[in-house]
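Participant: I'd like to ask some things about the structure below.
The values are calculated or read from the model by the stated rules, or taken from the named source; none is laboratory data. Note that the structure is a prediction, hence the values are computed from the model and not measured. Note: ideal-geometry Cβ built from the backbone for every residue, glycine included; neighbour counts use all protein chains shown.
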Amino acid sequence: MNNKRINEAIILGAFFCIGLVVFGYLLAGSIMKIKALDRTVTVKGLSERDVTADIAIWPLKFTETENDLSILYAEIERKSALIYDFLKSNGFSDDEISKSAPAILDRQAQGYVDSTKIKFRYSACSTLTVYTKKVEAVRSAMKKIMTLGKQGIAIAGQDYQTKTEFLFTGLNQIKPQMVQEATKNARQIAQKFAKDSESKIGKLKHARQGQFSIKNRDSNTPYIKKVRVVSTLIYYLSD
């Protein structure tokens, strides 16, 4: 009876050992497959293109000084009319021209200023702004600004308040093509990496589209914009 139980225990132990061996083999194979799936390559694809701005915002600001407010306002109106005529003659419509209320400064009212040294009590700043899709018309008119100078109007320089802005609003029209270019570029890089590492490109694991950026191509041509996007893709690798 004891021998029978011993034999049964030996057989059961043998089956148990065999089961452990088979389980270990299957587990090792699964781990190898999981590790193979973990082999990936991360690549970035770039797409860039130069585009021309389709909106121009052109502020024309001038300053006037006087001791008599009525004369000051009259001079502002006169010079504003001259600027308005200049813009109209260069092809801009009433809808494209806006005029802001003049900002008047009473220098004598400023307590920290010595009124005896003030030549003109009042100063006023007035701005006419062109908002238009006629980008080339703005560039052309800017070259003729000396016409206003000859009429006694000193237009303020291109500082941060009076800087001409050129905008590009057609991003949605070029987005699909640029995303496609960036994706294609990323895949080519991944294929080159796989070839160099004696591997093959597998399925796409993850893709992330970067943000589009629109910047001036350079400081001398702000009306030409550089649009840029970088896409990040992760591919599986296989032998």
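Participant: Every residue in the range 74-100 that is of a type in the set (F, W, Y) and either in contact with a helix residue (DSSP H, G or I) (Cβ under 8 Å, 6 or more places away or on another chain) or modelled with pLDDT under 95 (or both), please.
Facilitator: F86, F92
Participant: Let me ask something additional. Quickly run through the range 133-142 and pick out the residues that are surrounded by fewer than 18 Cβ atoms within 10 Å (Cβ to Cβ) and under 23 Å from I76 (Cα atoms).
Facilitator: Answer for the range 133-142, where residues must be surrounded by fewer than 18 Cβ atoms within 10 Å (Cβ to Cβ) and under 23 Å from I76 (Cα atoms): just M142.
Participant: Out of contact with any Lys or Arg (no Cβ under 8 Å at 6 or more places or on another chain) and outside the structural domain of R139 (by TED's automatic domain parsing): which single residue out of K79, K44, K61 fits that description?
Facilitator: K44
Participant: Within the range 124-150, which residues are among the hydrophobic types (A, V, I, L, M, F, W, C) and part of a strand (DSSP E or B)?
Facilitator: At the first step, the residues of the range 124-150 found to be among the hydrophobic types (A, V, I, L, M, F, W, C) are 124-125, 128, 130, 135, 137-138, 141-142, 145-146, 148.
Matches in the range 124-150: A124, C125, L128, V130.
Table: residues versus (1) under 16 Å from S231 (Cβ atoms); (2) touching a Lys or Arg at 6+ places or on another chain (Cβ under 9 Å).
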position	(1), (2)
K133	no, no
K144	no, no
T147	no, no
Q161	no, yes
K175	yes, no
E181	yes, yes
K184	yes, no
D196	no, no
K200	no, no
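Participant: In the range 213-234, what residues are out of contact with any His (no Cβ under 9 Å at 6 or more places or on another chain), assigned to a strand (DSSP E or B) and crowded, with 17+ Cβ neighbours inside 10 Å?
Facilitator: Initial filter on the range 213-234 (out of contact with any His (no Cβ under 9 Å at 6 or more places or on another chain)): 213-231.
If we keep only those that are assigned to a strand (DSSP E or B) too, we end up with 213-216, 224-231.
Scanning the range 213-234 gives K225, V227, R228, V229, V230, S231.
Participant: Something else now. With the requirement that a residue be of a type outside the set (D, E, K, R), part of a helix (DSSP H, G or I) and exposed (fewer than 14 other Cβ atoms within 10 Å of the Cβ), what does the range 151-194 give you?
Facilitator: N172, Q173, P176, Q177, Q180, Q188
Participant: Can I ask one more? Kindly evaluate A103 against the criterion of being aliphatic (A, V, I, L, M), within 30 Å of V227 (Cα to Cα) and modelled with pLDDT of 90 or more.
Facilitator: no
Participant: Of the residues Q173, Q209, which is polar (S, T, N, Q), over 30 Å from M142 (Cβ atoms) and free of Cβ contacts under 8 Å to residues at least 40 places away in the same chain?
Facilitator: Values: Q173 fails: over 30 Å from M142 (Cβ atoms).
Exactly one of Q173, Q209 is polar (S, T, N, Q), over 30 Å from M142 (Cβ atoms) and free of Cβ contacts under 8 Å to residues at least 40 places away in the same chain, namely Q209.
Participant: Exactly one of these conditions fails for Q108: (1) surrounded by fewer than 16 Cβ atoms within 10 Å (Cβ to Cβ); (2) at pLDDT below 95; (3) in a loop (DSSP other than H, G, I, E, B). Give me its number.
Facilitator: (3) is the only condition that Q108 fails.
Participant: Of the residues K44, K4, K35, which single one is modelled with pLDDT of 55 or more, over 30 Å from V135 (Cβ atoms) and either of a type in the set (F, W, Y) or exposed (fewer than 10 other Cβ atoms within 10 Å of the Cβ) (or both)?
Facilitator: After applying the criteria, what remains is K4.
Participant: How many residues, within the range 47-77, are outside any strand (DSSP E or B) and either surrounded by 14 or more Cβ atoms within 10 Å (Cβ to Cβ) or of a type in the set (A, V, I, L, M) (or both)?
Facilitator: The total comes to 9.
Participant: Please determine, by comparing only the residues of the range 195-212 that are surrounded by fewer than 13 Cβ atoms within 10 Å (Cβ to Cβ) and farther than 25 Å from D54 by Cα, which one is nearest to the chain's Cα centre (by Cα).
Facilitator: Residue satisfying both the conditions and the ranking: R208.
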